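Working notes, structure below.
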Amino acid sequence: MKQKIKCRKDLRRIINDLKGRRKRIVFTNGCFDLLHVGHLRYLEKAKTLGDILVVGVNSDQSVRNLKGPKRPILPEKERAEILSGLECVDYITLFDEPTPLKLISLLQPHVLVKGGDWTKEDVVGKERVEELGGDVVILPFVKGSSTTNLIEGILKRYEKRDG
């Protein structure tokens, strides 16, 4: 499954080849730290919007900058490898930047997907994708499914109790 994880240069070549064969490319991104059912449902739904699903994964440094010094829980290579085990995910690439704008501009997907915690207007890369004739799709958020909720639940369950 590790063969799904690609550097930008290789991924761009692959995506250009797939576009030449009229494949519809879907792109999404995220931290995917502690994969949960919300992630799974989101990625499975994203895959239905095209032929090839590409996932941009925030690097460890990018996650720390976004989520704070205690994150990520899992290192970037493990997060990417876990995602590569999902049938719905075709390719994965890591990015260090705070946003995936450079990656979106490089790959020029037909569909850009984000979760329901985003509004269409706030999606990074929206303008770039739409100016190329692509679509931006917001998928419903799975209530209660978040890495933060998962971490908080684990901490509560295992906190030391008096007596």
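See the values below:
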{"read-out": "Tilt relative to the chain, helix 147-158 - C-alpha long axis, 0 to 90 degrees, to 10", "value": "20"}
{"read-out": "Estimated FRET transfer efficiency when R0 is 41 angstrom, pair residue 67-residue 17 (beta carbons, to 0.05)", "value": "0.75"}
{"read-out": "Region 2-158 - share of DSSP beta bridges that are antiparallel (%, nearest 5)", "value": "0"}
{"read-out": "Three-way shape label, region 1-63, alpha-carbon gyration tensor, a/c 1.5", "value": "oblate"}
{"read-out": "Relative packing of 9-15, 149-155, which averages over residues the other C-beta atoms within 10 Å, highest first", "value": "9-15, 149-155"}
{"read-out": "Region 79-143: C-alpha gyration tensor shape, a/c 1.5 cut-off, then a/b vs b/c", "value": "oblate"}
{"read-out": "Estimated [θ] at 222 nm from DSSP helical runs (n ≥ 4, -39500 (n - 2.57)) normalised by residues in the chain, nearest 500", "value": "-11500 deg cm²/dmol"}
{"read-out": "HN-Hα J in Hz across region 89-97 - Karplus 6.51, -1.76, 1.60, θ = phi - 60°, x for Gly and Pro", "value": "8, 8, 9, 9, 9, 8, 9, 8, 5"}
{"read-out": "Electrostatic dipole magnitude of region 2-158 [Cβ: Lys, Arg +1; Asp, Glu -1; Cα centre; debye, to 20]", "value": "280"}
{"read-out": "Cα centroid separation, region 34-71 to region 87-162 (Å)", "value": "5"}
{"read-out": "Two-decimal log10 I(q)/I(0) for the chain, as the Debye equation yields it once each C-alpha is a single scatterer, q = 0.09 Å⁻¹", "value": "-0.30"}
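Computed from the coordinates by the stated procedures, all read-outs in this text should not be read as laboratory data. Just so it is clear, the structure is predicted and the values come from calculations on it, not from any experiment. So basically every Cβ, Gly included, is an ideal-geometry build from the backbone, and we count neighbours across all protein chains shown.
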